[in-house]
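A.B. asks: This structure is in structure tokens; I'll ask about it shortly.
The values are calculated or read from the model by the stated rules, or taken from the named source; none is laboratory data. Quick caveat: nothing in here was measured; it's all calculated off a predicted structure. A quick note on method: Cβ atoms are made from the backbone with ideal geometry, for glycine too, and the neighbour counts reach across all protein chains shown.
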Amino acid sequence: MPDQALNPSCENHANKPPAVILLSGGLDSSTVLAMAQRQGFACHTLAFDYGQRHRNELDACTHIASSMNAASHRIFNLDIGSFGGSALTADIEVPKDREESNMTDIPITYVPARNLVFLSIALAYAETLGSTDLFIGANAIDYSGYPDCRPEFIASFNETANLATKLGVGGNTISVHTPLLEMTKAQIIQVGTELGVDYSMTHSCYDPSPSGGACGRCDSCILRRAGFEQAGIKDPTNYA
């Protein structure tokens, strides 16, 4: 779909360097958006309609981008979910009630190559904006075992981005920013709260109720709830 009219030419964004922010509707990517804005970027948020089973996160993305004054917001249609193989895209049961200590294996909620695909599209979008900066909320601590959230992957993609683009081979340095990579969920929430992020707008649940309430039992809900508890900050999540 085309960019939503968030007025990228207004004085709040004029004369700022552009950056592409991968927005998922969750608390991590919302925090990254706030951090990129604090660094002085005009933030163009990019979400993906990739065949996920519910649209709650896409609705949250639109609300977050507008409320946090993103320069523009785009939802890119990319049905990688048609391949199946993930509980987030296929009729496969979402794991529930797992202990955090067991969240080091690669769970069935892993969407094959998702961050690799998303970052590649974001890189192409960044080139059209003349931007050398991409932001993603990848986290190598509270990450449920996903291989595309590891520092090794980010470093490898960053190298490839500079080899595979006109901007990169033209002498510009493309940077994939991962400010949350080594932070706990509690630290992320504390930083976001200090930056004024309204976490009640965000959606993290893998298996929400028909009314949109979070299940409270999937890996994402468990990590989110524990993060608020450890941060000593009230959890604004609407649990079913």
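A.B. asks: Right, GLY196: touching a residue at least 40 places away in the same chain (Cβ under 8 Å) and in contact with a Leu (Cβ under 7 Å, 6 or more places away or on another chain) or not?
C.D. replies: Values: touching a residue at least 40 places away in the same chain (Cβ under 8 Å): yes; in contact with a Leu (Cβ under 7 Å, 6 or more places away or on another chain): no.
For GLY196, the condition - touching a residue at least 40 places away in the same chain (Cβ under 8 Å) and in contact with a Leu (Cβ under 7 Å, 6 or more places away or on another chain) - is not met.
A.B. asks: Among the residues of region 140-155, write down those that are among the hydrophobic types (A, V, I, L, M, F, W, C) and either crowded, with 17+ Cβ neighbours inside 10 Å or modelled with pLDDT under 90 (or both).
C.D. replies: Across region 140-155, the qualifying residues are ALA140, ILE141, CYS149, PHE153, ILE154.
A.B. asks: In region 1-34, which residue that is in contact with a His (Cβ under 9 Å, 6 or more places away or on another chain) and part of a strand (DSSP E or B) is modelled with the lowest pLDDT?
C.D. replies: Top of the filtered list is GLN4.
A.B. asks: Please go through (1) surrounded by 15 or more Cβ atoms within 10 Å (Cβ to Cβ); (2) among the β-branched types (Val, Ile, Thr); (3) in a loop (DSSP other than H, G, I, E, B) for ILE92 and return the number of the only condition it doesn't satisfy.
C.D. replies: Failing condition for ILE92: (1).
A.B. asks: Quick check on my filter: what residues within region 188-209 are crowded, with 21+ Cβ neighbours inside 10 Å, small (Gly, Ala, Ser) and either within 14 Å of ASN56 (Cα to Cα) or over 17 Å from the mean Cα position of the chain (by Cα) (or both)?
C.D. replies: Within region 188-209, SER204 is the sole residue that qualifies.
A.B. asks: Still on this structure, I have one more. State all residues of region 52-71 that are outside any helix (DSSP H, G or I) and buried (at least 22 other Cβ atoms within 10 Å of the Cβ); if no residue qualifies, say none.
C.D. replies: Residues of region 52-71 that are outside any helix (DSSP H, G or I), as a first pass: 52-55, 68-71.
Scanning region 52-71 gives MET68, ALA70, ALA71.
A.B. asks: Does GLY85 meet the test of being touching a Pro at 6+ places or on another chain (Cβ under 7 Å), surrounded by 13 or more Cβ atoms within 10 Å (Cβ to Cβ) and assigned to a loop (DSSP other than H, G, I, E, B)?
C.D. replies: In short, yes.
A.B. asks: Which one of the conditions (1) assigned to a helix (DSSP H, G or I); (2) closer than 20 Å to ALA60 by Cα; (3) out of contact with any strand residue (DSSP E or B) (no Cβ under 8 Å at 6 or more places or on another chain) does ALA122 fail to meet, given that it meets all the rest?
C.D. replies: (3)
A.B. asks: Can you confirm whether region 53-68 contains a residue that is among the small types (Gly, Ala, Ser) and modelled with pLDDT under 95?
C.D. replies: Within region 53-68, none of the residues are among the small types (Gly, Ala, Ser) and modelled with pLDDT under 95.
A.B. asks: Let me ask something else. PHE76 versus (1) crowded, with 22+ Cβ neighbours inside 10 Å; (2) under 16 Å from the mean Cα position of the chain (by Cα): which is the lone unmet condition?
C.D. replies: Unmet for PHE76, out of (1) crowded, with 22+ Cβ neighbours inside 10 Å; (2) under 16 Å from the mean Cα position of the chain (by Cα): (1).
A.B. asks: If a residue has to be in contact with a Ser or Thr (Cβ under 7 Å, 6 or more places away or on another chain) and surrounded by fewer than 24 Cβ atoms within 10 Å (Cβ to Cβ) to count, how many in region 23-41 make the cut?
C.D. replies: Within region 23-41, residues that are in contact with a Ser or Thr (Cβ under 7 Å, 6 or more places away or on another chain) and surrounded by fewer than 24 Cβ atoms within 10 Å (Cβ to Cβ) number 2.
A.B. asks: Out of THR193, THR202, report the one residue that is of a type in the set (Val, Ile, Thr), touching a Ser or Thr at 6+ places or on another chain (Cβ under 8 Å) and within 22 Å of SER67 (Cβ to Cβ). Don't jump to the end; show me each part of the working.
C.D. replies: Numbers: THR193 fails: touching a Ser or Thr at 6+ places or on another chain (Cβ under 8 Å).
From the options THR193, THR202, the qualifying one is THR202.
A.B. asks: Scan region 207-240 for residues that are on the phi > 0 side of the Ramachandran plot and in contact (Cβ under 8 Å) with a residue 60 or more places away in the chain and report the count.
C.D. replies: 1
A.B. asks: Just need a number here: residues in region 99-119 that are modelled with pLDDT of 85 or more and in a helix (DSSP H, G or I).
C.D. replies: The number of residues fulfilling the criteria is 6.
A.B. asks: While we're looking at this one, here's another question. Of the residues GLY170, GLY137, GLY130, only one is at pLDDT 95 or above, surrounded by 17 or more Cβ atoms within 10 Å (Cβ to Cβ) and within 25 Å of PRO17 (Cβ to Cβ); which?
C.D. replies: Just one listed residue meets the conditions, GLY137.
A.B. asks: Here's a check for you: in region 153-199, which residue that is among the hydroxyl-bearing types (Ser, Thr, Tyr) and not in a helix (DSSP H, G or I) is nearest to PHE41 (Cα to Cα)? Give the steps one after another, and end with the answer.
C.D. replies: Step one: list which residues in region 153-199 are among the hydroxyl-bearing types (Ser, Thr, Tyr), which gives 156, 160, 165, 173, 175, 178, 184, 193, 199.
Subset that is not in a helix (DSSP H, G or I): 165, 173, 175, 178, 184.
Values: THR165: 21, THR173: 16, SER175: 13, THR178: 15, THR184: 24 Å.
If we take residues in region 153-199 being among the hydroxyl-bearing types (Ser, Thr, Tyr) and not in a helix (DSSP H, G or I), then SER175 is nearest to PHE41 (Cα to Cα).
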